[in-house]
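Here is the structure we will look at, set down as C-alpha cells.
What follows is calculated from the coordinates using simple rules that are stated; it is not laboratory data. What you see is a predicted model; the values in this text were computed from it and never measured. Here the Cβ positions follow ideal geometry from the backbone for every residue, glycine too, while neighbour counts run over all protein chains shown.
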Amino acid sequence: MLRSRTTDGEDGHLMVLTIGYVVIALLLATVVAAASAIYIEHKKLLSMADGASVAAADSYALGHVDTGTETPSAVLNSERVRGVTESYLSHNGAHSRFDQLAVARGTGSPDSTTAEVVLSAVAHPPVVSFLLPDGVPIEARSTARSRLTR
C-alpha cells in the first residue's frame with residue numbers, strides 16, 4: 001500500500017492559506033476602490049470650484065477709472081464673490097451632484113483682486129460605506145483673477 005507523503009496533521013493547510021490570501025487581496029482591492037472614489041469625487045469638486053472662481057473673478061467692478069493716468073483695474077468684493085459662487089452652483093446643478101455641498105468659509109476676495117472659492121462636500125466610498133456612514137468630508141479651494149489688458 002502506497003502512503004501519501006503528507007502527514008495527517010497537515011491536510012487542509014494549503015486551503016486555509018489560499019483563503020487568507022484571497023481575503024487580503026479583496027480587502028486591498030476594496031481599500032483601493034474606496035480611495036479612488038474619494039479622489040475622483042475631490043477632483044469633481046475641484047473642477048466645480050475652478051468654474052465658480054472663474055465666474056466670480058469675471059464679476060468685477062472697474063477701479064481707478066476717475067484718474068486719467070492710471071489704467072483701470074478689476075476690483076472684487078467678497079459678498080459678490082460669494083453670491084456669484086452660489087449662483088454658479090445652482091445654475092450647474094451642483095447641489096444634486098454632491099452630498100452636503102456648501103460654500104465654505106474663506107470664500108471671497110481677500111485682496112479685492114483675487115476671487116477665492118472654497119467648497120466643501122461629503123464623499124461616500126462605494127463598498128465600505130457601512131464603515132463610514134457619514135462619509136468622508138472633502139474640500140476644494142480655487143483662486144482666479146481677472147486682469148484688464150488692451
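Over all alpha-carbon pairs in the chain, figure out the percentage whose distance exceeds 22 Å. Here the long-distance tail beyond 22 Å is 58 percent of all Cα pairs in the chain.
If you take every residue apart from residue 146 with its C-beta less than 14 Å away from the C-beta of residue 146, what net charge results, scoring Lys and Arg +1 and Asp and Glu -1? Intermediate values should be presented prior to the final figure.
On the way: positive: 80, 145, 147; negative: 58, 111, 116.
Once all neighbours under 14 Å are counted, the net charge is 0.
Other residues within the sphere of radius under 14 Å centred on the Cβ of residue 116, judged by their own Cβ, net out at +1 (K and R +1, D and E -1).
This ranking places 132, 27 by how few other beta-carbon atoms lie within 10 Å of each, fewest first, which gives 27, 132.
Estimated from helices alone, the mean residue ellipticity of the chain at 222 nm is -14500 deg cm²/dmol (sum of -39500 (n - 2.57) over DSSP H runs with n ≥ 4, per residue).
Listed values for the range 127-139 are Karplus-derived 3J(HN,Hα) couplings in whole Hz (6.51 cos²θ - 1.76 cosθ + 1.60, θ = phi - 60°), namely 7, 9, 5, 6, 7, 10, x, 7, x, 10, x, 10, 9, and x replaces Gly and Pro. Approximating the spin labels as points 7 Å out from Cα along Cα→Cβ, the residue 96-to-residue 128 distance works out to 3.1 nm.
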